[in-house]
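We did not get these values from a lab; they are worked out from the coordinates using the rules stated. Predicted, not measured: the structure shown is a model, and the values here were computed from it. Cβ coordinates were reconstructed from backbone atoms using ideal geometry, including for glycine residues, and neighbour counts include every protein chain displayed.
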Amino acid sequence: MRYSIFSLAAQTLAGHRGWKPAWRDAAPKAEYDVLIIGGGGHGLATAHYLASRHGITNVAVIEKGYIGSGNVGRNTTIIRSNYLLPGNTPFYEHSLKLWEGLEQDINYNAMVSQRGVLNLYHSDAQRDAYARRGNAMRLAGVDADLLDREQVRAMVPFLNYETGRFPIQGGLLQKRGGSVRHDAVAWGYARAADQRGVDIVQNCEVTGLTIANGRITGVETSRGPIRAKKVALAVAGNSSRLAAMAGMRLPIETHVLQAFVSEGLKPVIDNVVTYGAGHFYISQSDKGGLVFGGDIDGYNSYAQRGNLPVIEDVMESAMGLWPGLGRIRMLRHWGGVMDMSMDGSPIIDHTPVDGLYLNAGWCYGGFKATPASGFCFAHLIARDEPHPVATAFRLDRFATGRVIDEKGAGAQPNLH
Amino acid sequence: MRITCPHCGARDVQEFTYLGDASPSRPDGLEATEAAMFDYVYQRENPAGRHRELWYHGAGCHAWLTVTRDTRTHAIEAVEPTKRPKAGTAA
Ligand SMILES: Cc1cc2nc3c(=O)[nH]c(=O)nc-3n(C[C@H](O)[C@H](O)[C@H](O)COP(=O)(O)OP(=O)(O)OC[C@H]3O[C@@H](n4cnc5c(N)ncnc54)[C@H](O)[C@@H]3O)c2cc1C
Ligand SMILES: [Zn+2]
């Protein structure tokens, strides 16, 4: 069924009893041309672009839980393309352009909202760094505006301009940045891929990779073996575990990141705002809850839950930036496990095993990358060559010294 | 999460700084091959389960500790003073 104003009107008159499930809950077949492991945003987007752009439809997405149970349903939904380095900027801008046309492409309302992302600065040095970043963005054709304190105050008057320990001096604004409803991204890509014949297989855990003479031939799963000509890994925080099944180690550590939602409020904050003097960022969901977060906990973790020190740190930063938040109650919080790479940038590449492809290292910023990640991964799988905007995301860049380190933090994943 | 420092007793995790996996040891810089150096700097086991890792007790005794912790539950099995120096050991 195509979703439109007419299907909505027809269903309204019929009492909404005719809606069909958005995708089939498929059972695994014995063999596929391409098996995608991981039913998160990246795996589902890869399936959609393989089917819609490359005509490859004998594809299954294998998910150990239900789709959307991983980071795609746990993130704070922010999209932007305000990157500094040449390897990153064109890729994230490609992603933002795909977000801008996504809902027409997949015929699904993902609530893409370009409400603007404002990064605050609190010192002269930080202003200079943001001016440099903004200039790099503009040179690459990305929108960026450097605002002074009064321009920021006109946008977000309720922040603390008078008594802050680190007074707000201004901000770097990307107007085309914003937020997207994250579950809808998983559901929308799943539905679009399913309509072209892709099998979405849930509750099916991959427990082994079958490799013969240096070539992948299939996978072992909790629902039996599945043969495949090509296997593509898109398992985010579990990348090292899947790579270990192929005898590989990766330049990745798995870390937990927490996020928070307040009780529902009337509209109070129109944009996404990030604090430049501490680890805190905030926006408001369409349901009314304030969605906010901060830094990763900072130690290896597969637990999908974090500890109290980070919660305290986030709340302190929140109060420092926006004292009015002290009146608001926190409703819930959760954690997700992320693939923190050694340079803070992702990997989309072949592996040393023929027919085995890797999509990993997204750190805490892979939601915004979802469309371009799927687009470029599909390109790599279909044509066996990297997409032009993803050529820098090589697995061997750590060995050759071509790292893409936005922060210049070095090989210390918890500092990226 | 609390870490029971052998010198200071049970302390809040906020007093400590995390470095990472304790198993890689730095190859001798003059003798090391590029491959060995790459392996030491970048490649990690990153296990889901038992992990031996280095923590620094910065707000306490200033000792480097080797903590054995389950990365699936955060449960700590053992905390020992780190004996070998982090750098300069032969590969
Ligand atoms: C709290 C939090 C906030 C974040 N905020 C933002 C943000 O504001 N903006 C942004 O850009 N990014 C953000 N991120 C990062 C972003 O969510 C991730 O980088 C991105 O979602 C990862 O890609 P994915 O959607 O494919 O991952 P996932 O949804 O995690 O998909 C991976 C899937 O693989 C499955 N899997 C794992 N092992 C197996 C196996 N053996 N067999 C079968 N399936 C398996 C998992 O169950 C999972 O569903 C945030 C992350 C977190 C945790
Ligand atoms: Zn101590």
Under the 0.36 nm per residue contour assumption, what length would be gained going from the current alpha-carbon distance of A:TYR161 and A:LYS20 to full extension?
45.6 nm
Residue by residue through region A:58-72, which ³J(HN,Hα) values in whole Hz follow from phi under the Karplus form 6.51 cos²θ - 1.76 cosθ + 1.60 (θ = phi - 60°), with glycine and proline marked x?
7, 10, 10, 9, 9, 10, 6, x, 10, 5, x, 7, x, 5, 4
With 0.36 nm assigned to each residue of separation and the Cα-Cα distance removed, A:GLU385 to A:GLU263 gains 39.2 nm
Among DSSP bridges having both ends in the protein assembly as shown, what percentage is antiparallel? Round to the nearest 5.
75
What distance in nm separates the simple spin-label points at A:LEU139 and A:ALA9, each placed 7 Å from Cα in the Cβ direction?
5.3
Report relative contact order for region B:2-81 in percent, whole number only (criteria: Cα-Cα under 8 Å, sequence separation at least 6).
31
Determine the shielding of peptide B:46-52 by partner chains: average, over its residues, the number of Cβ atoms on other chains within 10 angstrom of each Cβ.
6
List every residue whose amide H lies under 5 Å from the amide H of A:ILE211, counting only residues 5 or more places away in sequence or on a different chain, with H placed 1.01 Å from N in the peptide plane.
A:THR217
Scattering from the C-alpha atoms of region A:334-416 alone, worked out with Debye: what is log10 I(q)/I(0) at q = 0.11, 0.19, 0.24 1/Å?
-0.29, -0.85, -1.24
Relative packing of A:12-24, A:224-236, which averages over residues the other C-beta atoms within 10 Å, highest first
A:224-236, A:12-24
What's the average, rounded to a whole number, of partner chain beta-carbon atoms within 10 Å of each residue's beta-carbon in B:6-16?
2
By the scheme Lys and Arg +1, Asp and Glu -1, what is the net charge of all other residues having a beta-carbon under 12 Å from that of A:LEU96?
+2
May I ask you to list the trypsin sites (Lys or Arg not before Pro) in region A:137-198 that are in a DSSP loop and have at most 10 other Cβ atoms within 10 Å of their Cβ?
A:ARG165
Starting at 0 and stepping by 10 Å, how many percent of the alpha carbon pairs of the protein assembly as shown end up in each bin?
4, 18, 28, 27, 17, 5, 1, 0
If one computes the Cα centroid of region A:343-416 and of region A:1-65, what distance in Å separates the two points?
26
Which cross-chain or sequence-distant (5 or more) residues have an amide H under 5 Å from the amide H of B:ARG44, H modelled 1.01 Å from N in plane?
A:LEU250, A:ILE252
Whole-number percent relative contact order across chain A, with pairs defined as alpha carbons under 8 Å at least 6 apart:
22
³J(HN,Hα), Karplus 6.51/-1.76/1.60, whole Hz, each residue of region A:304-316, x for Gly, Pro
6, 7, x, 10, 5, x, 5, 4, 4, 4, 5, 5, 5
Euclidean distance of C-alpha centroids, region B:13-56 and region A:234-284, integer Å:
24
Comparing A:GLY326, A:GLY306, A:GLY134 in a Gaussian network model of chain A (Cα, 10 Å), the one with the largest mean-square fluctuation is A:GLY326
Determine the gain in length on full extension of the stretch A:GLU205-A:ASP33; use 0.36 nm per residue of separation and subtract their C-alpha separation, reporting nm with one decimal.
60.0 nm
Please work out whether region B:2-81 counts as rounded, prolate or oblate from its C-alpha gyration tensor, where a ≥ b ≥ c are the square roots of the eigenvalues and a/c under 1.5 means rounded, while otherwise a/b larger than b/c means prolate and anything else oblate?
oblate
Unpaired by the 4.7 Å Cβ criterion, cysteines found in the protein assembly as shown
A:CYS204, A:CYS363, A:CYS376, B:CYS61
FRET efficiency, 1/(1 + (r/R0)^6) with R0 22 Å, evaluated for A:ASP405 and B:ALA36 via beta carbons
0.50
Spin-label pair A:LYS229/A:ASN107, simplified geometry with 7 Å Cα→Cβ offset, distance in nm
2.7
Could you give me the ³J(HN,Hα) list for region A:318-326, computed from phi with Karplus coefficients 6.51, -1.76, 1.60 and θ = phi - 60°, whole Hz, x at Gly and Pro?
4, 5, x, 7, 9, x, x, 5, x
Using 32 Å as the Cα-Cα cut-off, could you pick out the over-long pairs in A:LYS230/A:LYS407; A:LYS287/A:LYS368; A:LYS20/A:LYS97; A:LYS20/A:LYS64?
A:LYS230/A:LYS407
Shielding of B:36-44 by partner chains, average beta-carbon count, 10 Å:
5
Using per-residue counts of other Cβ atoms within 10 Å, averaged over each peptide, order A:75-87, A:368-380 from highest down.
A:368-380, A:75-87
Between A:TYR299 and residues 5 or more places away or on another chain, the pairs with built amide H atoms under 5 Å apart involve A:VAL256
